[in-house]
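Take this structure first; my questions come after.
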Amino acid sequence: MPPHIAIAPCRKMPDYVESVRLAGGDPWELGHAADPVETVVSSCAGLLLTGGADVAPERYGEARHSTVVDVDAARDAYEIALVRAALAADLPILAICRGLQVMNVAAGGSLVQDIPSQVGTAVPHQVSDPKDAIAHDVTVVAGSRLAGMMGEAAAGGRLAVNSRHHQSVRRIADGFVVTSVAPDGVIEALELPQARFCVGVQWHPENFVASRTFLPLFAGLVSAARI
Ligand code: MN
């Protein structure tokens, strides 16, 4: 039986669903009113946190920067509860883009609210078209779960990734470690070594569904979910 992978509500579902399916999982698209957190955590084998709008800065104790728009308070509340319950249950988690950010905030971390004005960088983090366009390189920490999953592709300690974000992780939640950064120091991946499987990336691996470049990340989630 393919393990049931819960996918957080998102407006661009198809690539996530297809990536989970290609990796051997059974995708379950959540809807936040319909699927209570307790039910999700007790009836799925793994959790995929998806991309989307900014997390409300009030969630990490900051006033809103002028660039923070489209905050969805209901989605924030649902996903923060989902992350906390999933971490408490040691459910395997793969977190992508906003997913990485919401996971870090739910676990007590904070975010850079706007990279262009708060970091000031020449690295293009906002390259939208095509969605699998390579935007910049990232480092990959040797011995990390990320390095292990990507194998030969990350053998040189680097990966070429796409990028569609104006925010990033700032204060790292307790227990998490940085496993990847962009050339400007922007954090591109976190993992929680003590967890069964808890990995977050700032890029969009689901958009490489055609080339399967980042399928190993989904395979890692599905394989942890089988245990
Ligand atoms: Mn980036």
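The values are calculated or read from the model by the stated rules, or taken from the named source; none is laboratory data. Just so it is clear, the structure is predicted and the values come from calculations on it, not from any experiment. Cβ placement follows ideal geometry from the backbone for every residue including glycine, while neighbour counts extend to all protein chains displayed. Side chains are part of the model used for accessible areas, which takes the heavy atoms of the whole protein and leaves out ligands, DNA and RNA. Shrake-Rupley method; radii C 1.70, N 1.55, O 1.52, S 1.80 Å.
Output yes when any residue across region 139-161 is out of contact with any helix residue (DSSP H, G or I) (no Cβ under 6 Å at 6 or more places or on another chain), closer than 21 Å to GLY52 by Cα and not β-branched (Val, Ile, Thr), and no when none is.
No, that holds for no residue.
Let me ask another. Assess whether VAL169 counts as being surrounded by 18 or more Cβ atoms within 10 Å (Cβ to Cβ), farther than 19 Å from PRO216 by Cβ, in contact (Cβ under 8 Å) with a residue 40 or more places away in the chain and within 16 Å of the ligand (Cβ to nearest atom).
yes
Being within 16 Å of the ligand (Cβ to nearest atom) and either surrounded by fewer than 15 Cβ atoms within 10 Å (Cβ to Cβ) or on the phi < 0 side of the Ramachandran plot (or both) is true for just one of ALA189, ALA219, ALA224. Which residue is that?
Of ALA189, ALA219, ALA224, the one residue that is within 16 Å of the ligand (Cβ to nearest atom) and either surrounded by fewer than 15 Cβ atoms within 10 Å (Cβ to Cβ) or on the phi < 0 side of the Ramachandran plot (or both) is ALA189.
Tell me, please, whether a residue that is surrounded by fewer than 24 Cβ atoms within 10 Å (Cβ to Cβ), among the basic types (Lys, Arg) and under 19 Å from ARG170 (Cβ atoms) can be found in region 48-70.
yes
Identify the residue in region 105-146 that is of a type in the set (Ser, Thr, Tyr) and either without any contact (Cβ under 8 Å) to a residue 60 or more places away in the chain or open to solvent by 40 Å² or more (accessible area, probe 1.4 Å) (or both) and, among all such residues, is nearest to the ligand (Cβ to nearest atom).
Checking each candidate, the answer is THR121.
If a residue counts only when it is among the aromatic types (Phe, Trp, Tyr), which helices (runs of 4 or more DSSP H) contained entirely in region 1-115 have at least 1 such residues?
14-22, 73-88
Condition first: touching a helix residue (DSSP H, G or I) at 6+ places or on another chain (Cβ under 9 Å) and of a type in the set (A, V, I, L, M). Now tell me which residues in region 94-132 satisfy that.
If the condition is that a residue be touching a helix residue (DSSP H, G or I) at 6+ places or on another chain (Cβ under 9 Å) and of a type in the set (A, V, I, L, M), then LEU94, ALA95, ILE96, VAL102, MET103, VAL105, ALA106, ALA107, LEU111, VAL112, VAL123 are the ones that fit.
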